[in-house]
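A.B. asks: Mind having a look at this structure? Questions to follow.
The values are calculated or read from the model by the stated rules, or taken from the named source; none is laboratory data. What you see is a predicted model; the values in this text were computed from it and never measured. As a convention, Cβ positions derive from the backbone with ideal geometry for all residues, glycine included, and neighbour counts pool all protein chains shown. When the accessible area is computed, the model is the full protein with side chains, heavy atoms only, and any ligands, DNA or RNA have been set aside. Shrake-Rupley method; radii C 1.70, N 1.55, O 1.52, S 1.80 Å.
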Amino acid sequence: MSVLRIENLTRRFGGLVALSGVNLELRENEILGLIGPNGAGKTTLLNVISGIYLPNSGRIIFDGKDVTESPAHIRCRLGIGRTFQIIQPNQNLNVLENVMVGSLFGQGAGLKEARRKAQEICQFLGLSRIERDITRLTVLEIKKMEMAHALATQPKVLLLDEIMTGLNIDEAREVIELVRKIRDQGMTICVIEHMMRIIKELTDRVLVLDRGEVIAEGLYEEVSNDPRVISAYLGEEE
Amino acid sequence: MKKGILLIAVALLLASSLVAVGCPRPVLEEPPVEPIRLGAVNPLGDITGRQSAQGMKLAVAEINAAGGILGRPLELIVMDDEFSPAVGAAAIEKLATVHEVDIFIGGMASGVHLAQIPILAKHGRVTVWIGAASHLVEAAIAALPDHDWYFHLHPWDYQQVEGTVEGWAAIVEKFPQIRLDRMFVAYEEGAFGAAGFAISRALFADVTIEGESFTSAVFGGGDFRAVLRHAKEFNPDAFVWVGFDPDALGMMVQAKEIGFAPPVFLGTPPGWPVGFGEIPLSEAVWLYGMWSPELKGVSPEAAHFWWAFIEKFGEEPATYFAPLGYVNVKFVAAGIERAGTLERGPLIEALREVRFEDTAVGWPLTIAPSRLIRHQGFTRQMILQWQGGRQEVIWPFEVATAEPIFPFPRWEDR
Amino acid sequence: MRNWRYIVYIVVISLAISFPFYAGVHPIHVATTILSLLALALSWDILLRGGQLSLGVSAFFGIGSYTTVLTHLNWEVSPLLSIVLGGLAAGVVALVIGLAVLRLRGLYFAIVTLALTFIFIVIVRNLTDLTGGAIGKLIPSVIFGGDPAMIYWLTLAIAVATIITSEIFQKTRIHFALTSIRNNEIAAKSSGIDIFKYLLFAFVVTAVIQGVVGGVHAQRFAFVSPEESFSLTFTILPLAMCLLGGSFSTLGSVIGAGGLGVLAEYLRLMMPRGHLAIYGLVMVMAILLMPKGIVGTIREQLVRRKTASS
Amino acid sequence: MLAKLRQRDYQILIAFIIVAAILAFWRPHVLISGLQRGSLYVLIALPVGIIYGILGILNLAHGEFMMLGAFFAFSLVTLTGIDPLIAMLPAFPAMFVVGIVTYRLTIKHVVRAPLNQFLLTFGLAVMLAEMANLIWTTRPRIVWVPYAASSATIGPITFGTFEFVYVAAAAIVLVGMFLFLTRTRAGLAAMAVGQNPRGAKLVGIDVERTYMMIFSACLAVLGPIGALFLIRHAIFPEVGGPFSLRAVSIVAMAGFGNLPGILVWGIGLGLAEAFVRSFRGWGGWADIIFFGMIILVVFYRSYQRRVR
């Protein structure tokens, strides 16, 4: 049963083709890893799914509905939640308030309800000191806050863009556990990640992008031995 | 959250107390002789307003030196209106309540004065105004239930034009070579120019008038080439531009470059740029005015003012608002003298009777009704011409200082 | 503590309301002007909280002024109602042009709102039959017969309404929406915020405030003209007041308006000629010494002190 | 910041030439006065564009600095009796010094602080205009040189020729800035700073110094520009304000940081204004063309960004 289906998606920026004929299926309750060398189009794909960019062609079916033309905030309300690679927390709000924004607008909760839910989620993710000023958070706390913010929109699908970057091994492990915990709550997750170890440990299935095209798809073991994938990565190393 | 409201509350408290403190009420002192207080509101940032205030100060100094009026000295309080209606209106209120002036004088821009009228009306004290020429102001005064207390010395805009209609008729009669059948009016697109054009059109009944607006250099314009070209195509007997001082140079230069030299070339700015008379293009340019420095050769009062002003302030009067400010105070003083009291009724009566055979602007001054109000002072302006760097008076002939140069010399001959 | 706060609150309100009873007429005038600039400053700040820097305050101010005067003159609408109509007209215009201009961001938005101001000036100046053209229009009588206390109370009511509006904007979900939009639009969209809806709402609400203030101004001085009613002063002065007091807060604009307003009055008293140069100097110095405005700087100091002590 | 000529630019260029050709036959005066006036706009807008491109500051006091340059030239002319064209030479270093002082004291503190620079440069504008008022009063000042009204006649049309100096000056300033920014070390460093100040610092560029030099150089140019302005215009303390506004508008139209765009749109606006004015009785609507065009172009640009 697929939650999100992408058909033949193409997106160009001027002359540059960022995504070309991408097909993708997110199955219910799985963790999909999205990998590929730098500039492969991973973040663009996430942006198209979440509605930041509209595709030039192709369709996006979410939860049985065609959302190809829906604006980002509608998709969020329908249940596509995401984090950002370069996190820009709202400096004018404290941790709890940042998380509240998610439930206020993602779910349409009232202020009191949003506050309660945000507290719950923070607790769930182990975020304490929630009245704190944003500028004094550790990297791990910021990442957690970002996840909490996405979770607060009550998504069916959660798109995580490089949330492990900048974390040490212990912290990354903690986040991996959290992501699993989130999935166990019944959510479908798609992660972009650079560290292969994490992909191996975390994901059920992997999709490899290179220059805007899907070049491989399957279990981590299968994909990692695919010669095209190897050459894509090695080609980049040079 | 609550703290925010609290802070706001405290801030409001501070602000309101500051306002209250910032505008202190006067400490009541009883001087040996209570002075007669004149309250003036002028745009002090502008040369017109500043020199007009200087003219007033000069008059006050002279009167006080001669022992004051009714044995009391004059006290002049001048406030700035910054050309802002809100500031100008508040200034009147302050003069009335804080300084408790006896008489209001001064003034310049019509827009500012419109905002002051309701407040002046509320206080109903005698007011003698020397600016604000717009007929809109006259209408606003006339709409008041009672405006006996209001004296307006500056001619209304339509009176200024009426004066020129009369003057031109006289000039055409006296100098048959001068003709005025076709006139082109270039007017700046703001209130000053638009009113000037509309009124000219209405009052010059026998003249064919065409007109077009331009953006004054004051507002970033200054490109008059299209207007001048249209004027040239119209081939008028007289070309009139209704604009501001900074437009003068551009008008001349741009007319010269397209070879547009109509028989009469006339400008009506409130003042002229420094040194305009010295540039060769100015020769034989006509202008309208309430006053000319050259009147010092004709009118003893104008001569007295001219030299006294230079002696006191070390600069020459630049616009007619300088002598007008002087006349303003002299007029009020004469009225009080005549009435022998500051009581409203007799004072108004006396002011109405004040007659000057000669004033600092070189004209006689009497009070008569205008179209809508009862107390109007000057009603005419003169027709002058730049000759040899001086503003020579051509009409009225009684005060004329020169014969007109006609026709306008060709640009090449300068 | 709580009681004490309410006492201050009540005292201030009663002081503000009773101001005309203990202050002279001139302070009432000055306070009225300051209050109307305060409302403009605060309304400008409300839109700024969503990241949109408008230079079109004068435009809505002027539309409000003209609508007020024209409805009052042509349809004999009562002065108060005509002011309401002025606000509504500004709101409707904001709604229509907001649909287009709110697609713009940053300086592009600023420049276009400024350009719109000039376009309104040209239109008003050239539609002579309706608007009186460059000369403008007169109202035969001033609102409340020119009673400064009544005009003060009317302006106070508008300023208080603006303060309340601002506080509502600060304490409801709108606050979260606008700050998120200002912080990062893409992130805001992905949080489910309908950016356009919130910006348009803020734009229209603030335009209504500006239109009402313009309407009162026109009724207070009983005339409109393109140069006066669309004067850029009504954009720049509130902007300066807000930034000096501290943006993104109600208190900032209140303090900024009070501070600059009183300062201008003092300077005018102390040096009749040249006081505007000092005014400019104060603006420059204030922004150099307190880049976050008075409120922002004080708040920063408090936070720093708190951190140092903890 | 100095985009290479792309295909679209060629299209604009060709459209321009076609418009010019039509005007040359239909309304030659429009072409001449539009070009001259437009060049003045370009001349004044170019430094605004550079300062914005590199320092990220939109200088609202720009016109006031030009006023200062013009008054400087005026004082020289009246005190020494030299020709205003010669006064351009000392005006350059004089305004450069003004630039350094202004930068050191004020601008330095608001680089890349978008809101504060608005207020700061506006405060500067008020201060400059009011100080000029205290020194020179509001009475307009003029200088007279016979060549200011020189003209030429070609066939049936007679037109002023002096303002072609503005066209030449605009071309010189544009080309000079172009060469400086692309051919000199300091210029390349400035471009790098404009694109990425932090990166530029990492590769050893003195960012502070670059900011100061660029700001001062742009003000310095206003010295000669002020002198050229003085020849044809009366000057007074408030003369600069409207030009600040126009310059900023043109820079917005060109797209912030696009120098050739300033040329195109500055002259385009000059032509459009002159075109409207050339119809008798429609001159009052010329401003609506100016601001209407700004709005349309800004919308077109933002629409394009969205599509791309």
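A.B. asks: Taking 30 Å² as the minimum loss, tell me which residues in region C:115-135 lose that much accessible area going from the chain by itself to the full protein complex (1.4 Å probe).
C.D. replies: C:Ala115, C:Phe118, C:Ile119, C:Val122, C:Arg125, C:Asn126, C:Ala134, C:Ile135
A.B. asks: Additional query: Counting only other chains, and only Cβ atoms inside 10 Å, what mean value do you get across the residues of D:55-62? Walk me through the intermediate numbers first.
C.D. replies: Details: counts 0, 0, 0, 3, 0, 1, 2, 0.
Mean inter-chain Cβ contacts per residue within 10 Å come to 1.
A.B. asks: Can you tell me the FRET efficiency between C:Leu99 and A:Gln123 if r is taken as the Cβ-Cβ distance and R0 is 60 Å, rounded to the nearest 0.05?
C.D. replies: For R0 = 60 Å, the calculated efficiency reads 0.90.
A.B. asks: Excluding ligands, DNA and RNA, what is the accessible area buried between chains D and C, summed over both sides, using a 1.4 Å probe, to the nearest 100 Å²?
C.D. replies: Numbers: alone 15790 and 15960 Å², together 28320 Å².
In total, this chain pair buries about 3400 Å².
A.B. asks: Right, next: At q = 0.06, 0.13 Å⁻¹, work out log10 I(q)/I(0) for chain B with the Debye formula, treating every Cα as an identical point scatterer and leaving solvent out; two decimals please.
C.D. replies: -0.27, -1.10
A.B. asks: Then there's this: Normalised by the residues of chain A, what does the relative contact order come to in percent, with Cα pairs under 8 Å and at least six apart? Write out the running numbers ahead of the final one.
C.D. replies: On the way: 451 pairs, mean separation 65.0, N = 238.
Computed value for chain A: 27 percent relative contact order.
A.B. asks: Return the lysines within reach of B:Lys94: Cα separation strictly under 16 angstrom, same-chain partners fewer than 8 residues apart disregarded; answer none if there are no such residues.
C.D. replies: In chain and number order, the partners are B:Lys122.
A.B. asks: Something else now. Report relative contact order for chain C in percent, whole number only (criteria: Cα-Cα under 8 Å, sequence separation at least 6). Please report the intermediate quantities before stating the final value.
C.D. replies: Values: 455 pairs, mean separation 94.0, N = 310.
Dividing the mean separation by the residue count of chain C yields 30 percent.
A.B. asks: If the viscosity is 1.002 mPa s and the temperature 20 °C, what translational diffusion coefficient in µm²/s does Stokes-Einstein give for region C:217-259 when Rh comes from Kirkwood over Cα pairs? Mind showing how you got there, number by number?
C.D. replies: Numbers: Rh = 11.4 Å.
It comes out at roughly 189 µm²/s.
A.B. asks: What accessible area per residue comes out for chain D, rounded to a whole number of Å², with a 1.4 Å probe?
C.D. replies: 40 Å²
A.B. asks: Expressed as a whole number of Å, what is the distance separating the alpha-carbon centroids of region B:60-92 and region D:42-108?
C.D. replies: 41 Å
A.B. asks: Looking at region B:269-368, which GluC sites (Glu not before Pro) are DSSP coil and have at most 15 other C-beta atoms within 10 Å of their C-beta?
C.D. replies: Details: sites: B:Glu278, B:Glu283, B:Glu294, B:Glu301, B:Glu311, B:Glu315, B:Glu337, B:Glu343, B:Glu349, B:Glu353, B:Glu357; in loops: B:Glu283, B:Glu315, B:Glu343, B:Glu357.
The qualifying sites are B:Glu315, B:Glu343, B:Glu357.
A.B. asks: Let me ask something else. Sort out for me the Cα centre separation of region D:228-283 from region C:240-274, rounded to whole Å.
C.D. replies: Cα centroid of region D:228-283 versus Cα centroid of region C:240-274: 33 Å apart.
A.B. asks: Continuing with this model, one more query. Peptides C:272-278, D:199-205, D:212-218: what's the order by average Cβ count within 10 Å, highest mean first?
C.D. replies: So the order, starting with the most tightly packed, is D:212-218, C:272-278, D:199-205.
A.B. asks: Name the shape class, rounded, prolate or oblate, that the alpha-carbon gyration tensor gives for region A:99-238, where a ≥ b ≥ c are the square roots of its eigenvalues, rounded holds for a/c under 1.5, and otherwise prolate holds if a/b is larger than b/c and oblate otherwise.
C.D. replies: On the way: a/c = 2.53, a/b = 1.98, b/c = 1.28.
Prolate, since a/c reaches 1.5 and a/b exceeds b/c.
A.B. asks: Checking the cross-link filter: which aspartates and glutamates have an alpha carbon closer than 17 Å to that of B:Lys312, excluding same-chain neighbours under 8 positions apart?
C.D. replies: B:Glu62, B:Glu301
A.B. asks: For the pair A:Ile61 and A:Thr10, what calculated FRET efficiency results from E = 1/(1 + (r/R0)^6), where r is the Cβ-Cβ distance and R0 = 22 Å, to the nearest 0.05?
C.D. replies: 0.85
A.B. asks: Considering the dipole of chain C built from charges on the beta carbon (Lys and Arg +1, Asp and Glu -1) around the Cα centre, which of C:Ser65, C:Thr162, C:Gly136 is farthest to its positive end?
C.D. replies: C:Thr162
A.B. asks: For region D:157-176, state which residues have at least 20 Å² less accessible area in the presence of all protein chains than in their chain by itself, taking the probe as 1.4 Å and leaving out ligands, DNA and RNA.
C.D. replies: Residues shielded by partner chains are D:Thr158, D:Gly160.
A.B. asks: Leaving out ligands and nucleic acids, and using a 1.4 Å probe, what accessible area per residue does region A:2-161 come to in Å²? Write out the running numbers ahead of the final one.
C.D. replies: On the way: 6110 Å² over 160 residues.
Value for region A:2-161: 38 Å² per residue.
A.B. asks: Right, next: Which trypsin sites (Lys or Arg not before Pro) in region D:66-120 sit in a loop by DSSP (not H, G, I, E or B) and have at most 11 other Cβ atoms within 10 Å of their own Cβ? Walk me through the numbers before you get to the answer.
C.D. replies: Working: sites: D:Arg104, D:Lys108, D:Arg112; in loops: D:Arg112.
For trypsin sites (Lys or Arg not before Pro) across region D:66-120 that sit outside H, G, I, E and B with at most 11 neighbouring Cβ atoms in 10 Å, the list reads D:Arg112.
A.B. asks: Under a 1.4 Å probe, what is the accessible area of region C:144-247 per residue, stated in Å²? Walk me through the numbers on the way to the answer.
C.D. replies: Values: 2730 Å² over 104 residues.
So region C:144-247 comes to 26 Å² accessible per residue, rounded to a whole number.
A.B. asks: Can you pull out the GluC sites (Glu not before Pro) in region B:98-186 that DSSP calls coil and that have at most 14 other Cβ atoms within 10 Å?
C.D. replies: Passing sites in region B:98-186 are B:Glu100.
A.B. asks: Rounded to a whole number, what % of the accessible area of the protein assembly as shown do carbon and sulfur atoms account for, probe 1.4 Å? All intermediate terms of the calculation are to be shown ahead of the outcome.
C.D. replies: Values: 29270 of 47860 Å².
Using a 1.4 Å probe with all protein chains present, the protein assembly as shown comes out at 61 percent carbon and sulfur.
A.B. asks: Based on DSSP H runs of at least 4 residues, each adding -39500 (n - 2.57), what is the mean residue ellipticity at 222 nm of the protein assembly as shown after dividing by all its residues, to the nearest 500 deg cm²/dmol? List each step's numbers first, then the result.
C.D. replies: Details: 48 runs with 739 residues, N = 1270.
So the helix-based figure for the protein assembly as shown works out to -19000 deg cm²/dmol.
A.B. asks: Follow-up. With no solvent and one equal point scatterer per Cα, compute the Debye intensity ratio I(q)/I(0) for the protein assembly as shown at 0.06 Å⁻¹ and report its log10, rounded to two decimals.
C.D. replies: Relative scattering, expressed as log10 I(q)/I(0), comes to -0.59.
A.B. asks: Right, next: So which lysines can B:Lys174 reach, going by Cα to Cα under 30 Å and dropping same-chain residues fewer than 8 places off?
C.D. replies: The reachable lysines, counting only those whose Cα sits under 30 Å from B:Lys174, are B:Lys232, B:Lys256, B:Lys296.
A.B. asks: A further question follows. In Å, what is the Rg of the alpha-carbon atoms in chain D, and how long is Dmax?
C.D. replies: That works out to 19.5, 63 Å for Rg and Dmax.
A.B. asks: Excluding ligands, DNA and RNA, what is the accessible area buried between chains A and C, summed over both sides, using a 1.4 Å probe, to the nearest 100 Å²?
C.D. replies: On the way: alone 11380 and 15960 Å², together 25390 Å².
The summed interface area works out to 2000 Å².
A.B. asks: Further, regarding this structure: Using a Gaussian network for chain A with springs between C-alpha atoms less than 10 Å apart, which of these wobbles most: A:Gln154, A:Gln88, A:Gln107?
C.D. replies: A:Gln88
A.B. asks: Counting Lys and Arg as +1 and Asp and Glu as -1, each charge on the Cβ, what is the dipole of chain D about the Cα centre in debye, to the nearest 20? Don't skip to the answer; put the middle values down first.
C.D. replies: Working: 23 positive and 10 negative charges, 191 e Å.
Charge dipole, chain D, about its Cα centre: 920 debye, nearest 20.
A.B. asks: Averaged over D:232-242, how many beta carbons belonging to a partner chain fall within 10 Å of each residue's beta carbon? Walk me through the intermediate numbers first.
C.D. replies: On the way: counts 6, 8, 14, 4, 8, 1, 6, 5, 1, 4, 7.
Other-chain Cβ atoms within 10 Å of each residue's Cβ, averaged: 6.
A.B. asks: With the cut-off at 26 Å, report for region D:1-126 the share of all Cα pairs above it, as a whole percent. Display every interim value, and only then the final one.
C.D. replies: Values: 3457 of 7875 pairs.
I get 44 percent for the Cα pairs in region D:1-126 exceeding 26 Å.
A.B. asks: Sticking with this one: Between the chain alone and the structure with every protein chain in place, find the residues of region C:97-111 that drop at least 50 Å² of accessible area; heavy atoms, 1.4 Å probe.
C.D. replies: C:Leu104, C:Leu107, C:Tyr108, C:Ile111
A.B. asks: Lysine pairs in region A:18-156 with Cα distance under 28 Å, only those 8 or more apart or on different chains: how many are there?
C.D. replies: Here the count comes out as 14.
A.B. asks: Right, another one. For the pairing of chain B with chain C, what total accessible surface becomes buried, with a 1.4 angstrom probe, in square angstrom to the nearest 100?
C.D. replies: Details: alone 17900 and 15960 Å², together 29450 Å².
In total, this chain pair buries about 4400 Å².
A.B. asks: Does region B:97-166 come out rounded, prolate or oblate by the C-alpha gyration tensor, with a ≥ b ≥ c the root eigenvalues, rounded set by a/c under 1.5 and, if not, prolate when a/b is larger than b/c and oblate if not? Please list the in-between numbers first.
C.D. replies: On the way: a/c = 2.18, a/b = 1.89, b/c = 1.16.
Prolate, because a/c is 1.5 or more and a/b exceeds b/c.
A.B. asks: Taking amide H positions as placed in the peptide plane 1.01 Å from N, state which residues far from B:Ala133 in sequence (5 or more) or on other chains have amide H under 5 Å from it.
C.D. replies: When sequence neighbours closer than 5 places are left aside, the close amide H contacts are B:Ser110.
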